1. Within segment 44-133, which strands (runs of 3 or more DSSP E) (wholly inside it) include 3 or more residues that are under 22 Å from residue 8 (Cα atoms)?
2. Restricting to segment 1-43, name every residue that is in a helix (DSSP H, G or I) and within 17 Å of residue 93 (Cβ to Cβ).
3. Inspect all residues belonging to segment 57-69 and state whether any of them is free of Cβ contacts under 8 Å to residues at least 12 places away in the same chain, more than 14 Å from the chain's Cα centre (by Cα) and more than 23 Å from residue 5 (Cα to Cα).
4. For residue 87, state whether it is surrounded by 14 or more Cβ atoms within 10 Å (Cβ to Cβ) and in contact (Cβ under 8 Å) with a residue 40 or more places away in the chain.
5. Regarding residue 38, is this residue touching a strand residue (DSSP E or B) at 6+ places or on another chain (Cβ under 9 Å) and either surrounded by fewer than 18 Cβ atoms within 10 Å (Cβ to Cβ) or under 30 Å from residue 116 (Cα atoms) (or both)?
6. If you check residue 109 against the conditions, is it more than 14 Å from the chain's Cα centre (by Cα), closer than 25 Å to residue 7 by Cα and in contact (Cβ under 8 Å) with a residue 40 or more places away in the chain?
7. Within segment 110-125, count every residue that is surrounded by fewer than 16 Cβ atoms within 10 Å (Cβ to Cβ) and in contact with a helix residue (DSSP H, G or I) (Cβ under 7 Å, 6 or more places away or on another chain).
């Protein structure tokens with residue numbers, strides 16, 4: 001669980017150190033970066049089995065992600081409120097989700113990996129996914 005927050009904690013600590021030496025604007029900038037790197041901005045993750053069950057029932061996409069991944073942050077930011085139209089699986093929390101990603105990404109845990117209409121897309125273009133959702 002700690003590694004989910006490691007990047008955010010490092011950024012916040014760096015911001016505090018820089019704020020003490022160079023001024024408070026650094027704290028604000030690094031606090032915002034820590035927020036973006038944290039799991040807080042992502043929709044609530046569910047287990048892979050539950051996401052697959054829900055996706056089969058409602059046809060929504062499944063997005064496999066992990067905290068601290070800049071490509072996941074970019075995808076989430078591009079999707080905006082449309083991110084709620086997908087089921088999100090944190091592969092660091094769910095070993096079954098990590099295995100699903102490895103199965104479609106040549107044994108690597110490359111995220112974001114999106115399953116849309118049964119077809120896997122490894123690190124898709126966020127604008128494409130936004131239009132597909």
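1. Strands (runs of 3 or more DSSP E) meeting the threshold: 61-65, 86-90.
2. Hits for segment 1-43 are 2, 3, 4, 5, 6, 7, 8, 37, 39, 40, 41.
3. yes
4. Judged against the criteria, residue 87 is a match.
5. For residue 38, the condition - touching a strand residue (DSSP E or B) at 6+ places or on another chain (Cβ under 9 Å) and either surrounded by fewer than 18 Cβ atoms within 10 Å (Cβ to Cβ) or under 30 Å from residue 116 (Cα atoms) (or both) - is not met.
6. Considered against the rule, which asks whether it is more than 14 Å from the chain's Cα centre (by Cα), closer than 25 Å to residue 7 by Cα and in contact (Cβ under 8 Å) with a residue 40 or more places away in the chain, residue 109 comes out as no.
7. The number of residues fulfilling the criteria is 1.
A short reminder: the numbers here are calculations on the coordinates, not readings from a lab. Every value quoted in this text rests on a predicted model; they were computed, and no experiment measured them. As a convention, Cβ positions derive from the backbone with ideal geometry for all residues, glycine included, and neighbour counts pool all protein chains shown.
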